[in-house]
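K.L.:
Just passing along the structure, written as structure tokens.
The values are calculated or read from the model by the stated rules, or taken from the named source; none is laboratory data. In this text, all values refer to a predicted model and were calculated from it rather than measured experimentally. Glycine also receives a Cβ, built like all others from the backbone with ideal geometry; neighbour counts cover every protein chain displayed.
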Amino acid sequence: MAEPCCASDQDQVVDTMIALTRPSSLDGVIIAGSDSMEYYLSLRRRGFSRVATPATCPIVRRQHAVGLVTGQNPMAALAQASPFLRANSAIAVLIVSRKGDISMKVRHKLQQMGFRIEAGVRCHRGLVLSAYRQGFSQMEQAA
């Protein structure tokens with residue numbers, strides 16, 4: 001069972017994710033994972049107007065410039081967020097588990113999705129990886 005996160009820990013994670021992905025307040029942001037609603041509300045309070053979760057987004061289409069992945073199962077959350085991300089997008093993934101194999105699986109999955117990992121930052125809750133992809137639709141068409 002997950003330990004409850006205090007507000008300051010969650011704020012630190014949100015601040016880290018925002019700093020790594022650099023969304024503007026008008027960019028579409030999709031948040032996936034078991035903690036998605038808390039992060040959704042936190043971003044809305046910070047002035048981000050185009051924030052959604054897979055549950056609140058009525059149409060699955062590649063319209064979001066930024067993805068934020070949270071919760072205990074980052075692999076499942078990555079699969080949830082993927083259909084919502086543009087060909088040119090940024091993503092930040094919170095890895096709560098201290099096991100190195102989870103981190104490696106997430107890195108491999110990001111690379112399969114066309115992302116290039118840019119940074120990894122430790123915070124109170126775990127490791128936040130950030131990655132970017134450019135022209136992923138062109139790579140999909142070529143394959």
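Results for (1) within 19 Å of Ala77 (Cβ to Cβ); (2) at pLDDT below 95; (3) not hydroxyl-bearing (Ser, Thr, Tyr), shown as yes or no for each residue.
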residue: Thr21; (1), (2), (3): yes, no, no
residue: Ser25; (1), (2), (3): no, yes, no
residue: Met37; (1), (2), (3): yes, yes, yes
residue: Ser49; (1), (2), (3): no, yes, no
residue: Ala55; (1), (2), (3): yes, yes, yes
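K.L.:
Another question, then. Kindly provide the set of residues from region 78-101 that are among the hydrophobic types (A, V, I, L, M, F, W, C) and closer than 18 Å to Gly120 by Cα, ordered by number.
P.N.:
Once the filter is applied, which keeps residues that are among the hydrophobic types (A, V, I, L, M, F, W, C) and closer than 18 Å to Gly120 by Cα, region 78-101 yields Leu78, Ala90, Ile91, Ala92, Val93, Leu94, Ile95, Val96.
K.L.:
Pull up region 52-69, narrow it to residues that are crowded, with 24+ Cβ neighbours inside 10 Å and touching a Lys or Arg at 6+ places or on another chain (Cβ under 9 Å), then point me to the one that is farthest from Ser34 (Cα to Cα).
P.N.:
His64
K.L.:
Please go through region 78-117 and pick out each residue that is within 21 Å of Val29 (Cα to Cα), out of contact with any Ser or Thr (no Cβ under 7 Å at 6 or more places or on another chain), among the small types (Gly, Ala, Ser) and crowded, with 16+ Cβ neighbours inside 10 Å.
P.N.:
Scanning region 78-117 gives Ala81, Ser82, Ser89, Gly114.
K.L.:
Something else: Mind listing just one residue for me: the one in region 118-143 that is small (Gly, Ala, Ser) and either modelled with pLDDT of 90 or more or under 14 Å from Val69 (Cα atoms) (or both) and, of those, surrounded by the most Cβ atoms within 10 Å (Cβ to Cβ)?
P.N.:
This residue is Ala131.
K.L.:
If Leu26 satisfies all but one of (1) within 21 Å of Pro83 (Cα to Cα); (2) among the hydrophobic types (A, V, I, L, M, F, W, C); (3) surrounded by 21 or more Cβ atoms within 10 Å (Cβ to Cβ), what's the number of the condition it fails?
P.N.:
Going through (1) within 21 Å of Pro83 (Cα to Cα); (2) among the hydrophobic types (A, V, I, L, M, F, W, C); (3) surrounded by 21 or more Cβ atoms within 10 Å (Cβ to Cβ) one by one, Leu26 breaks only (3).
K.L.:
Might you check whether a residue that is farther than 17 Å from Pro23 by Cβ, out of contact with any Leu (no Cβ under 7 Å at 6 or more places or on another chain) and part of a helix (DSSP H, G or I) occurs anywhere in region 112-130?
P.N.:
yes
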